[in-house]
1. From T361, T365, grab the single residue that is closer than 21 Å to A339 by Cα and touching a Leu at 6+ places or on another chain (Cβ under 6 Å).
2. Which of (1) at pLDDT 75 or above; (2) surrounded by fewer than 16 Cβ atoms within 10 Å (Cβ to Cβ); (3) under 18 Å from T308 (Cβ atoms) is the odd one out, the single condition G261 does not satisfy?
3. Go through V312, V316, V273 for me and flag whichever is in contact (Cβ under 8 Å) with a residue 60 or more places away in the chain, among the β-branched types (V, I, T), assigned by TED's automatic domain parsing to the domain that holds L248 and over 21 Å from I400 (Cα atoms).
4. If I filter the stretch 282-299 for residues that are modelled with pLDDT under 90, assigned to a helix (DSSP H, G or I) and under 30 Å from I69 (Cβ atoms), do I get at least one hit?
5. Name every residue in the stretch 374-394 that is farther than 13 Å from S241 by Cβ and part of a helix (DSSP H, G or I), in order of residue number.
6. Right, V353: at pLDDT below 90 and either touching a strand residue (DSSP E or B) at 6+ places or on another chain (Cβ under 9 Å) or at positive phi (or both) or not?
7. Of the numbered conditions (1) closer than 16 Å to M59 by Cα; (2) β-branched (V, I, T); (3) crowded, with 20+ Cβ neighbours inside 10 Å; (4) at pLDDT 80 or above, V341 satisfies every one except a single condition; which is it?
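The values are calculated or read from the model by the stated rules, or taken from the named source; none is laboratory data. Just so it is clear, the structure is predicted and the values come from calculations on it, not from any experiment. When we count neighbours, we look across all protein chains shown, and the Cβ atoms used for this are built from the backbone with ideal geometry, even at glycine.
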Amino acid sequence: MAGTSLSKNKHFITLMTAQAISSLGDWLSIVAIITMVGLKWEATPMQMSFIILSLALPMALLGPISGTIADRMERKTLMILSDVIRGGLILLLVLASNVWMVYICLFLIGIFSSVFVPAKNGKLKEIVADEQIKGAMSLTSMIDSSTEVIGPLVSGILVTTVGAHNVFYIDSATFFLSALLIFFLPKAVNRIETSVEHENSEVGSSFKKELKVGFQFLKKSTFFMYGLFLLGISLLILQLSDSQIIVLIRQLTDASPDLFGYTVTGSGVGMLVTGFYLAKKTDYNAFIYMCIGVLGIGLGFGGMGILTYYDVTLSVVWFPAIGLFAGGTAALVFIPFQAAVQEKTPVHMTGRVFGVINSTTTTATIIGPLAGGALATLIGIIPSFIVTGSLLIVLFIVSIVIRKRVAEEENNHVTESQSGTQGAAT
């Protein structure tokens, strides 16, 4: 498989197609739910906040546990079950008559999403050669960015033309179609019995002890730990600022009603462009790119605050442009780190390692909006953007100062298992 390019790897193409369909469905349902609950049912702001929280909370709480499950069981089977169950739960939303039914369905969907993500990352490691992992991770990020741009647009059109309830049927179909595609992926061969024996000899066979394996693996590398810190902080600031952008826009005298949509689209396009660039250029220093990304996010959101303070005209131009810049540089944090971890993690541990990472990022997703509202209330919306942007710039300076030590760790870190566990699939 090592000599096969990604474009000729039919298993990789199948997995990416399934991911694209499933990710598009995620956006379809979110917009339809917000439309149904927010407009039809006239939910309160707090009830609307619980919509996102219902999805994110199980992923934050169960990330490491789900990762362990993804390593102990057949990943293909887990992904199929996750898609089929989520497809059924989406259908139940058609019958929902109050917000509590929606919360319960979304919470259950979040549980099975928390299993799907580490299982998918583990399967990716099985079917893609080590030297192609960086390119593969860039392509998966491009898919996520593309669906973030296309999904809300398609969903808005569908909700308007066919209604929110019919969108749920379409969304459910996307999960079933994704499951069908995953069915054609190979099962893992030699499901790393030797690796399981190796783990058991070190940490024992108890489920609780296996939960620690992901943390222990990441702790062995300064790059992994500091990179995870940069990833978590960057996502926290992104969520903190994203949740308050609409409030910042209200401070402008010439703000267009569609300015928020343009900015979100710009951010998605920026991430898409960066993903395309990183897919072509895979021989990069992950830590340096992450530092540049942190700086870019800081300059982007800090710049938004400053230009809004001076009420600069033509906001319909510069606001989406900054969104494009911030989204593009944010991808420099997310993609290189996850690609480096994927590259250096043995195939039999990817579920647990990415379970820890997914739990960290989801926690930031939960805390960010809450912290953003509290900070904007405390010091004002414009100062909050300037302060958080400045903090990221300071973090960039600190990271550059210690870059040599961290970069050496990235190059010298030796995993418990290298390519010996690669190619575990037929």
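1. So the residue among T361, T365 that is closer than 21 Å to A339 by Cα and touching a Leu at 6+ places or on another chain (Cβ under 6 Å) is T361.
2. Only one criterion in (1) at pLDDT 75 or above; (2) surrounded by fewer than 16 Cβ atoms within 10 Å (Cβ to Cβ); (3) under 18 Å from T308 (Cβ atoms) is unmet by G261, namely (1).
3. Going through V312, V316, V273 in turn, the sole match is V316.
4. Within the stretch 282-299, one or more residues are modelled with pLDDT under 90, assigned to a helix (DSSP H, G or I) and under 30 Å from I69 (Cβ atoms).
5. Scanning the stretch 374-394 gives A374, T377, L378, I379, I393, V394.
6. No.
7. (1)
Residues are listed down the side, and each one gets a yes or a no for (1) under 22 Å from P346 (Cβ atoms); (2) modelled with pLDDT under 75; (3) touching a strand residue (DSSP E or B) at 6+ places or on another chain (Cβ under 9 Å); (4) not aromatic (F, W, Y):
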position	(1), (2), (3), (4)
I85	no, no, no, yes
G88	no, no, no, yes
F116	yes, no, no, no
N121	yes, no, no, yes
A129	yes, no, no, yes
M142	no, yes, no, yes
G151	no, yes, no, yes
N166	no, no, no, yes
I170	no, no, no, yes
